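Colleague: Here it is: the structure, laid out below.
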Amino acid sequence: MASYTISDFAGAKLAIRMYQEVLKEVAEALRENTKAEICGEEYHPEWVRDLLLKIESVGG
């Protein structure tokens, strides 16, 4: 049976936070680089909307 220390969990928590920050940056870049305006409304291709939903669902 494996044993874990507090520092193992702290490191994992830090890695998760860093991953979430990267996902936020990716989502923002997607929003900015794929948007178009149609009749004054912001529009993103369907694949981008789907990807943004997936990113948001994991904490991005």
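Read-outs: derived from the displayed coordinates by stated rules, not from any lab. Please read all numbers here as calculations on a predicted model, not as lab measurements. Cβ placement follows ideal geometry from the backbone for every residue including glycine, while neighbour counts extend to all protein chains displayed.
Colleague: Can you tell me the order of 47-56, 10-19 when each peptide is scored by its average per-residue count of other Cβ atoms within 10 angstrom, highest first? List each step's numbers first, then the result.
Modeller: Working: 47-56: 13.4, 10-19: 10.8.
The packing order, highest mean first, is 47-56, 10-19.
Colleague: Once Lys and Arg get +1 and Asp and Glu get -1 on their Cβ, which of Ala2, Ala29, Ala15 lies farthest toward the positive end of the dipole of the chain?
Modeller: Of the listed residues, the answer is Ala2.
Colleague: Once fully extended, how much extra length lies between Glu56 and Cys39, figured as 0.36 nm per residue of separation less the alpha-carbon to alpha-carbon distance?
Modeller: Separation in residues times 0.36 nm, less the Cα-Cα distance, equals 3.5 nm.
Colleague: Taking a quarter of the surface of the convex hull around the Cα atoms of the chain, what do you get in nm²?
Modeller: Over every viewing direction, the Cα hull of the chain projects on average to 5.4 nm².
Colleague: Suppose every Lys and Arg Cβ carries +1 and every Asp and Glu Cβ carries -1, with no other charges. What dipole size does the stretch 1-55 come out with about its Cα centre, to the nearest 20 debye?
Modeller: Here the stretch 1-55 has a charge dipole of around 300 debye.
Colleague: Applying the Karplus parametrisation 6.51 cos²θ - 1.76 cosθ + 1.60 with θ = phi - 60° to the phi angles of the stretch 20-25, what ³J(HN,Hα) value in whole Hz is obtained for each residue in order, glycine and proline being reported as x?
Modeller: 5, 5, 5, 4, 4, 5
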